[in-house]
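Every number in this text was worked out from the coordinates using simple rules, so none of it is lab data. Source: prediction; values computed, not measured. No Cβ is skipped: glycine too gets one built from the backbone with ideal geometry, and neighbour counts run over all protein chains shown.
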Amino acid sequence: MHFRLTEEQQMIQDTARDFARSEIAPVAAEFDASGEFPLENIRKMGELGLMGIEVSDAYGGAGLDTIGYVLAMIEICAADAAHGTIMSVNNSLFCNGILKYGSEEQKQKYVRAIATGAEIGAYALTEPQSGSDASTMKSRAVLSEDGSHYVINARKSWITSGPYARYLVLFASTDPEAGSRGITAFLIDTEKEGFHRGKTEPKLGIRASATCEIELTDYKCAIEDRLGEEGQGFKIAMSVLDAGRIGIAAQAVGIAQAAYDASLSYARERKAFGREIGTFQMIQAKIADMKTRLEAARLLTLRAAWAKMESERTGARITVDGSMAKLFASEAAMWIAHQAVQLHGGMGYSKEMPVERYFRDAKITEIYEGTSEIQRMVIARTETGLR
Ligand code: CAA
């Protein structure tokens with residue numbers, strides 16, 4: 001075991017860091033204030049390979065590994081978590097599922113469009129009445145008599161990138177009696193008849209990542225656009241989230257890194273009672289605890305990324321690895337951002353400094369792609385074998 005990065009991992013980390021520092025960090029506060037979607041930056045990130053890091057070049061991606069993806073996510077999110085949210089949905093929630101369960105035609109059409117940054121992707125699982133209990137969805141898909149297409153009627157909420165997405169991976173029940181075993185995955189083109197967008201959510205943080213409700217009314221989905229087999233949808237949704245949660249853990253590490261770096265600078269510069277505040281033991285304790293939690297979160301996240309790479313060889317499930325990384329890193333990010341605001345005093349509460357944005361952005365990592373409560377349930381169920 002060693003902690004050295006490969007040449008490719010180092011390269012994607014450098015690429016992401018350079019872009020984050022030169023193109024994202026200078027405009028992050030503006031995008032946060034306006035809530036505008038950073039479309040131009042997302043296109044540029046696609047050109048740099050950041051929208052399909054684990055996608056092979058045969059489908060327009062960078063052809064790198066999960067550790068490379070985590071390293072790049074950390075850099076982008078340290079500059080702006082909202083850019084990272086869009087990046088993670090494209091990479092993890094959209095591309096991963098099609099790469100694993102899709103046909104060659106689906107990969108060529110859908111993965112290529114998203115991995116190159118030409119289009120935006122989204123993942124539609126949550127519904128107004130089903131969030132954590134995802135398998136209780138009400139959306140329905142009915143196979144036509146001639147078997148050529150499904151007619152889908154669906155209402156989905158909290159769809160990240162929904163207002164700008166061209167394609168969606170969407171889950172609907174083809175057999176309501178069968179519960180989670182009756183759910184099927186579909187690839188949806190938002191430019192086709194029957195697709196509608198609803199209200200956009202006004203959010204506390206990650207404000208430049210647009211989120212909305214969507215509705216499908218008698219949407220015709222061709223049989224070739226079904227992802228995987230009928231009834232396989234819930235397992236596809238869950239295995240995609242296993243990998244997605246590693247990306248959210250990386251996002252949390254990026255936010256925590258930014259909050260820590262800002263705190264370190266402030267502790268060195270700010271004077272009170274005639275001394276730098278970093279000389280006071282109470283500030284030193286904060287710095288030490290922030291740094292230790294940050295590095296523990298980073299290690300757990302990188303270990304989960306390594307587990308995903310191993311699982312591509314062994315087929316082992318990485319559910320607990322992803323859940324532990326997301327649980328720990330998101331709670332560490334929230335705690336570190338909280339300490340950062342406190343350490344900055346009044347300036348921490350001001351929009352003139354970025355730490356209040358880190359504090360608001362960190363919160364979502366404890367909620368989306370499964371709340372901390374769900375991650376604890378998943379880990380405990382697997383460990384005990386009890387339900
Ligand atoms: N991989 C493969 N299969 C899995 C699986 C996994 N990780 N997890 C469960 N399954 C399978 C089970 O083996 C079971 O299969 P069988 O029927 O063959 O036995 C089936 O799926 C049902 O599993 P459970 O009985 O465990 O299902 P459950 O209803 O108890 O729910 C849950 C499990 C963990 C609570 C799940 O519903 C869950 O993760 N909920 C949270 C949902 C979530 O994360 N939503 C996020 C929305 S997306 C988002 O946030 C994106 C964004 O904005 C950026």
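Among the GluC sites (Glu not before Pro) in region 299-387, those located in a DSSP loop and surrounded by at most 14 other Cβ atoms within 10 Å of their own Cβ are 352. I need the chymotrypsin sites (Phe, Trp or Tyr not before Pro) found in region 174-283, filtered to DSSP loop residues with at most 13 other beta carbons within 10 Å of theirs. Within region 174-283, the qualifying chymotrypsin sites (Phe, Trp or Tyr not before Pro) (loop, at most 13 other Cβ atoms within 10 Å) are 273. How much FRET efficiency would the formula 1/(1 + (r/R0)^6) give for residue 178 and residue 18, where r is the Cβ-Cβ distance and R0 is 56 Å, rounded to 0.05? Step by step, r from the Cβ atoms, then E = 0.65. Across region 248-334 the C-alpha pair distances fall into 10 Å bins from zero in the proportions 18, 36, 24, 13, 6, 2 percent.
Charging the Cβ of each Asp and Glu at -1 and of each Lys and Arg at +1, and nothing else, the dipole of the chain about its Cα centre rounds to 1180 debye.
Kindly identify region 194-268 as rounded, prolate or oblate by the Cα gyration tensor criterion: order the square roots of the eigenvalues as a ≥ b ≥ c, call it rounded if a/c is under 1.5, otherwise compare a/b with b/c, prolate if a/b is larger, else oblate. Note, shape of region 194-268 comes out oblate.
Length gained on full extension, residue 289 to residue 316, computed as 0.36 nm times the residue gap minus the Cα-Cα distance: 6.3 nm. Rounded to the nearest 20, the size of the Cβ-charge dipole of region 7-119 about its Cα centre is 300 debye, with Lys and Arg at +1 and Asp and Glu at -1. Comparing 206, 327, 167 along the charge dipole axis of the chain, the residue lying farthest to the positive side is 327, per the Cβ-charge model. So which chymotrypsin sites (Phe, Trp or Tyr not before Pro) in region 67-102 are both in a DSSP loop and have at most 11 other Cβ atoms within 10 Å of their Cβ? Passing sites in region 67-102 do not exist. Legend: distances between Cα atoms for 156/192; 138/235; 100/308; 44/308; pairs beyond 19 Å are 44/308. Convex hull volume of the Cα atoms of region 235-384, normalised per residue: 105 Å³. Counting neighbouring Cβ atoms within 10 Å and putting the fewest first, the residues 255, 318 line up as 318, 255. Which parts of region 214-232 would a label at residue 105 reach, counting a residue when its backbone N lies under 18 Å from a point 7 Å out along Cα-to-Cβ? Counting only backbone N, you get 220-230. For region 235-384, relative contact order (Cα pairs under 8 Å, six or more residues apart, normalised by length) works out to 34 percent.
Given region 118-197, what percent of its DSSP beta bridges are antiparallel, to the nearest 5? Counting DSSP beta bridges with both partners in region 118-197, the antiparallel share is about 70 percent.
Working note: 222 nm ellipticity from helices only, DSSP H runs with n ≥ 4, each -39,500 (n - 2.57), summed and divided by the residues of the chain, gives -15000 deg cm²/dmol to the nearest 500.
Based on C-alpha pairs under 8 angstrom that are at least 6 apart in sequence, region 275-361 has a relative contact order of 24 percent.
In terms of packing, defined here as the mean over residues of other Cβ atoms within 10 angstrom, the peptides 75-88, 117-130 line up highest first as 75-88, 117-130. Counting 0.36 nm for each residue step from residue 40 to residue 279 and taking away their Cα separation leaves a gain of 81.7 nm.
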